[in-house]
Amino acid sequence: MKIFYCFLVIILTACSAKTDRPFFTNDEYREKVQQQFDKRKKLAKHRTGQLFSVFDRSLTTEQREALEFLYAYMPLSDLADYDGDFFLKQVDAAFAARDFFAWGKMIPEDIFRHFVLVYRVNNEGLDTARTVFFNELKDRVKGLSMADAALEVNHWCHEKVTYRGTDGRTSAPLALMRTGWGRCGEESTFTVTAMRAVGIPARQCYTPRWVHTDDNHAWVEVWVDGQWRYLGACEPEPELDMAWFTAPAKRAMMVHTNVFGLYDGPEEKNLETSLYSKINLLSNYATTRILAVKVVDAAGRPVEGAKVQYKVYNYAELYPIADELTEADGAASVITGMGDLVVWASRGNKYGYEKAAADNNFVTVTLNRDAGTAYSETCELVPPPEQKIKQASAGKQAQNARRLAQEDSIRNAYMATFANEEQAKALAKEINEDSREVWKYLQRAQGNWREIETFIRQNAANPYLWPFMASLTEKDARDTPAGYLADFLNDKSIAGLPVAKDFTKEFLASNILSPRTGRELICPWRSFFASEANGKPADEFTATNLIRLLKEEITVTDSENYYNCPLSPRGAFELRYADRYSRNILFVALCRAAGIPARIEQATGKPQYFEDGIWKDAVFEAAEPEQMAKGKVVVNNSANNVVKPQYSTHFTLARFSSGDFVTLDYEEDPALKNFPCTLMLDTGYYRLMTGSRANDGSVTVHTDYFTLTASRQQKLTVTLPGVAGKMQVMGIVDMNTVITMTDGSHRTLKEISNGKGVMLCFIDPGTEPSKHVLQDLPALQDEFEQWNGGVLLMTPSDKMAGKFDPSAFPRLPGQSAWAVDHKRTLLKGVSGSLQLEVTENFPLTLFLSDNGGILFFSEGYRIGIGENIIKTIRENQE
C-alpha cells in the first residue's frame, strides 16, 4: 500500500509540475460548491480536527477543489465516521486513474466529478478498495478500448465475487472480496468501485421493486465513449447491454440511481435536493409513459404540498418506487412503465389513493379518507407485458462460458483456503469446547475466519462467549476484526452487567454485551463511552436521562444522510448530528454501555429499553405518548388456502401513521410461522393485505382495514384471493423422453413423474435467477415431498463448463433429480411446444402433468416459482 501511494504522489507531482490546474472550469459551479462546503464545515464543527485539518497541507488547486466538492455534499455518515486523510487518498486515487489510462482524457468534467471521483456507491462501509483494485487491474486493462476494459473489469469482479443472498447491510468492497460472495446490491457496489478505480465512470442502478415478481435488483451502468451502457455486476457477458435481467427490466416500472452533488445531467429527476439527485433511468430499459396526477380535497380544490407516492405491489405490501410533493395546482407527474400502479396521496392524516392502469395516463386523487373506517376491497394489478431480447451468438456464449468456468475455479481455489472442519476440531480441542459450536462460527466467517479464530481463542474461558457470538449476524462474522469484537466482550463489560440471576446469559449477551443493534457496520464504541462517562455519578446513566441527553445534544435530520448508511454510535455522538435511525442506534449503544438492556424492536423499528420487567419505548418525539396501549390480534389461516401463507410473501400487517400505512417487519419472526398466531400490537388503525400472483406476474390484492383497541381482541383470517382464469394446457411434452442424469444413468420423464407429474426446471447454475429458484425450493420441501411427484433440475450441456456440484444447494425436496440436457434437446422440444424461441432467459420452469400436459410455465427471474408450482399441483389434483 505504501508503494502504491508513493506511485500516486509521483504521478500527481508530475502533473502539478506542468500546471496547477483547477478542478472546476465553471466559476458559477465553483461558487455553489464553496457555499455548500461552508455549510457542511459549520455542521461538522465538532469534528473539525479530524475532517478539515487536511486543508492545512500543501494541496494543489485541483486537490483542494475536489476535496471541497466531496465535503460539500457527503452524507452525515461520512462526516461522522471518516477523516480528511481518507478522503484525500480517494481524491488522489481518482486523479491517478484518470492520468494513467488513455480514456481519462476523454471523460467530461461533470461525468468525472459525479461518477469517478465520488468514493461512495450506496450505503456500504467505506475502505481503501479503490487503491487496492487499481493496483490489481491497471496492467490488466491498460491498452484496451474503454468498452473492452469495462468487460474485462467485470470478468475480474467475477473472479472475486459471485451471487449469494444475504442480509440488507452492505459490506465494504474489500470485505466482500474477502468473503467471495454477496447479494446483487453488494456485487454492484463492488463492481462500480472497481470501474471507478480504473477511471471508468460508473453508477449503480436499482429497480426499487419489480412488479411482475417479488424482490428487486441492482446492476451497473458504465459511461463508455460518450454513452451509458449496462452490465450485470460480477456476471460477465460477451457484450455490453446484455444481461439476464434485460427481459425483467423491460417490465420494470422504475429504475433509478442517486447522484452525489449538484447534478445537471439530461436524465429525468425524481428528486433533487441541495446534496444529491435521484434520477430516473427507466427509459434506458423499458417503454415508458408520463403519468400525471392531480390531488384535490373533498371539495375538489387542488391541494398544494401533498405527498404523492407511486406504489407497486411487492412482498405483500404497496411499496413506493418514487414520491414527490404537489405544486400549487395540486399537480405531480412521473415517468413510469406500462403496467398498473397505485397512486397514494396524503397531507397530514388525510389520504386517498387510486389505481392507475397501464392505459391511464392521468388520475385524480381525492384526500377523502380518514383513519378509523373499517372496509375491505380487492383489485388486480397487471405488470407490463414480456418482451423479446437480443442474444449473443452461440460462439460468443461458448467462449464466455469457458471464461466463467475458469474464473469460478480461481475464486473457488481462494475459497478453499477458508477454515475447514478439521481446523475447527483442532481449535475446539485446544480450548476444550464443542467442535460443532466452533465450526459454526469459523464457517460463517469465510475469509475472515482467522479473525474469528483469534477472538474465540482469546475468549475461550469467558462464560458469555457463545451467547455473544450468537448475538451477531452471519455477516458480522465475515467482516468484523477480532479487535473490534474485543471492545465489547471483556472483563470490564462483564463486570458492568446486571445481576446475572435476574437474566439469562443469552438475554444479557444480546441486549447489553452485543455490538449488533440494526444494520450498522460494527465499530468500537463501548470503551469510548466508558471513557466519556469516567468520573460521572452512576445514577446519571438512566434510560430517561439518556433520552433527555439525546434530545438536547443530537440534531436529527433524515435528509442530510441521504444514502441511508447508519452512523456509528461514536460518530453520531461526536458529530452531534444524525438521522433518526442512527440516533436510535446511538441510544441503544449508550444504554448498553451503561449496563441497561436495550434494543431496536424488529417489527416496529422503535428503540426500547428494559425496565421494571418490561420493554419500554424510548420516546423522542413530543407528539408520541410515553407508552402506547397494546391490543391483541389473533391471526388464522383459511382452510381454503392452497398454500400455507407466509408473512411478507402472502400477507402483511401495516399501521397507519401520518397519512400512510407502515408495514410491520415480521418476516423473520417465528411468531408468524404457524397459525393461529397471537400478536400484541400498538393500538391504532391497521391494514391487512393479502395477495396472490398469477403465472403472468399479475397479482390479485385484497385489503382489510380495521381499528385495534386495547379492550377488544381482533381476529383476522388470512385468505389468499383467487386468481381469475382457469388452468389451460399450454403445450405437450413426450413423457417417454429419455433423460441423462448427472451420474450417467438414464430415466424417462414418465418414470420420474411417479404417476403424479414433474416439476421441470432448466437452469444455468452460475447465474443469480437460477440460484433464486434453488434457494426458494427448500421453503416448500415438505409440500413437495408430501406430493411425491418428480422434481427434475436440468442444466443444458453448454452451461456445464467446469465441475458442477449439486451439494451446494442443500435441503431440496428429497425426490429432486439432477440431469444434463445434451445439445438442449429437451429444452428445444419444450420451447417448440410452447411456440417460444429458445433463449438464455434462465430459469425455464414448467409443471408437466403425468400425461405430458404443460400446466405451468415461467421464464426468467421470478420469486415464488416453487409456490406457484404447488398451487398448480393442487389445482391439478382437484
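The numbers here are math on the coordinates, done by the rules we state, and not lab data. Every value quoted in this text rests on a predicted model; they were computed, and no experiment measured them. Because the Cβ atoms are built from the backbone with ideal geometry, glycine has one as well, and the counts that use them run over all protein chains shown.
Report the extension gain between GLU875 and HIS746 in nm, rounded to one decimal, defined as 0.36 nm multiplied by the number of residues separating them, less their alpha carbon distance. Walk me through the numbers on the way to the answer.
Numbers: separation 129, 0.36 × 129 = 46.44 nm, distance 3.02 nm.
Full extension of this stretch gives 43.4 nm more.
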- How big is the stretch 199-285 by Rg and Dmax over its Cα atoms, in Å? 13.1, 40
- Query: How much length is gained if the chain between GLN781 and ALA710 is pulled fully straight, taking 0.36 nm per residue apart and subtracting their Cα-Cα distance, in nm to one decimal?
  - Reply: 21.6 nm
- Got the relative contact order for the chain handy, in percent, Cα pairs under 8 Å and 6 or more residues apart? 10
- For the stretch 370-501, the dipole about the Cα centre with charges only on Cβ (Lys and Arg +1, Asp and Glu -1), to the nearest 20 debye, works out at 620
- Anything over 26 Å Cα to Cα? Flag those among LYS32/LYS307; LYS673/LYS871; LYS45/LYS269; LYS39/LYS278; LYS350/LYS606, in the order listed. LYS32/LYS307; LYS45/LYS269
- If you average the sequence gap of Cα pairs under 8 Å that are 6 or more apart and divide by the length of the stretch 580-666, what percent do you get for the contact order? 18
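Starting from the alpha-carbon convex hull of the stretch 570-682, give the projected area averaged over all orientations, in nm².
Details: hull surface 37.3 nm².
Averaged projected hull area, Cα only: 9.3 nm².
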- Listed residue (ASN360, VAL382, SER409) projecting farthest to the positive dipole end of the stretch 353-459, Cβ model: SER409
- Message: Compute for the stretch 417-467: radius of gyration divided by Kirkwood radius, i.e. Rg/Rh, restricted to C-alpha atoms, rounded to two decimals.
- Response: 0.92
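How many percent of DSSP beta bridges within the chain run antiparallel, rounded to 5?
On the way: 105 of 132 bridges.
Restricted to the chain, the bridges split so that about 80 percent are antiparallel.
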- Task: With only Lys, Arg, Asp and Glu charged, each at its Cβ (+1 for the first two, -1 for the last two), find how big the charge dipole of the stretch 647-800 is about the Cα centre; round to the nearest 20 debye.
- Result: 520
- For the stretch 527-534, what does the Karplus curve 6.51 cos²θ - 1.76 cosθ + 1.60, with θ = phi - 60°, yield as ³J(HN,Hα) per residue in whole Hz, taken in order and with x for Gly and Pro? 5, 5, 5, 4, 5, 5, 8, 4
- Note on the structure: The alpha-carbon center of the stretch 672-727 and that of the stretch 368-384 are separated, in whole Å, by 12
- Note on the structure: Zone reached by a paramagnetic label modelled 7 Å from GLU611 Cα along Cα→Cβ, restricted to the stretch 468-502 with backbone N below 18 Å, covers 498-499
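Quick check on the stretch 745-833: take the gyration tensor over C-alpha atoms, sort the square-rooted eigenvalues as a ≥ b ≥ c, and tell me if it's rounded (a/c under 1.5), prolate or oblate.
On the way: a/c = 1.74, a/b = 1.12, b/c = 1.55.
Taking the square roots of the gyration eigenvalues as a ≥ b ≥ c, the stretch 745-833 is oblate.
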- Percent of Cα-Cα pairs per 5 Å bin, from 0 to the last occupied bin, for the stretch 294-363, please list those. 4, 17, 29, 26, 15, 8, 1, 0
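Could you please report the charge total around THR287, scoring K, R as +1 and D, E as -1 over all other residues with beta-carbon less than 14 angstrom from its beta-carbon? Walk me through the numbers before you get to the answer.
Details: positive: LYS250, ARG251, ARG289, LYS388; negative: ASP359, GLU386.
Neighbour charge sum, excluding THR287 itself: +2.
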- Task: Would you mind estimating how fast the stretch 498-560 diffuses translationally, via Stokes-Einstein at 37 °C and 0.692 mPa s with the Kirkwood radius over Cα pairs, in µm²/s?
- Result: 227
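How big is the charge dipole of the stretch 761-869 about its Cα centre, in debye rounded to the nearest 20, if each Lys and Arg gets +1 on its Cβ and each Asp and Glu gets -1 on its Cβ? Let's see the in-between values first.
Numbers: 8 positive and 14 negative charges, 65 e Å.
For the stretch 761-869, the charge dipole is close to 320 debye.
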- Query: Which is farthest toward the positive dipole end of the stretch 14-110 among ALA97, PHE55, TYR29, measuring Cα position about the Cα centre, with Cβ charges +1 (Lys, Arg) and -1 (Asp, Glu)?
  - Reply: PHE55
- Note on the structure: Rounded to 0.05, the calculated FRET efficiency for the beta carbons of ARG30 and GLU268 at R₀ = 25 Å is 0.40
- Message: Defining a contact as two alpha carbons under 8 Å apart and six or more residues distant in sequence, what relative contact order in percent does the stretch 677-725 show?
- Response: 40
- Over all directions, average the projected area of the Cα convex hull of the chain and note it in nm². 38.1
- Note on the structure: Sorted by chain and then number, the residues having a modelled amide H within less than 5 Å of the amide H of ALA356, at least 5 places away or on another chain, are LEU341, VAL342, VAL343
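Around ALA428, under 9 Å between beta carbons, what's the net of Lys plus Arg minus Asp minus Glu among the other residues? Before the final figure, lay out each step's value.
Details: positive: LYS425, LYS429, ARG436; negative: GLU430, GLU433, ASP434, GLU437.
Summing Lys and Arg as +1 and Asp and Glu as -1 gives -1.
For n ≥ 4 DSSP H runs only, could you compute -39500 (n - 2.57) per run for the chain, divide by its residues and tell me the 222 nm figure to the nearest 500?
Working: 30 runs with 298 residues, N = 878.
Only helices count here, giving -10000 deg cm²/dmol.
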- Between THR504 and LYS105, what is the label-to-label distance in nm when each label sits 7 Å out along the Cα-to-Cβ direction? 6.8
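Measure up LYS138/LYS390; LYS89/LYS160; LYS42/LYS105 against 26 Å on the Cα-Cα distance and list the ones that go over. Walk me through the numbers on the way to the answer.
On the way: LYS138/LYS390 32 Å; LYS89/LYS160 24 Å; LYS42/LYS105 35 Å.
From the list (LYS138/LYS390; LYS89/LYS160; LYS42/LYS105), the Cα-Cα distance tops 26 Å for LYS138/LYS390; LYS42/LYS105.
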- The set of residues whose placed amide H lies less than 5 Å from the amide H of LYS644, leaving out same-chain residues fewer than 5 positions away, is none
- Rough spin-label spacing in nm, given labels placed 7 Å along Cα→Cβ, for SER638 and GLU377: 1.9
- Query: Kirkwood-based Rg over Rh for the stretch 260-418 (C-alpha set), two decimals?
  - Reply: 1.15
- Simple spin-label estimate for LEU549/THR287, 7 Å along Cα→Cβ, in nm, reads 6.1
- Farthest toward the dipole's positive end in the chain, which of ALA332, GLY595, PRO238, given Cβ charges of +1 (Lys, Arg) and -1 (Asp, Glu) about the Cα centre? GLY595
- Query: GLN391 to ASP38: extension gain in nm, 0.36 nm per residue of separation minus the Cα-Cα distance?
  - Reply: 121.9 nm
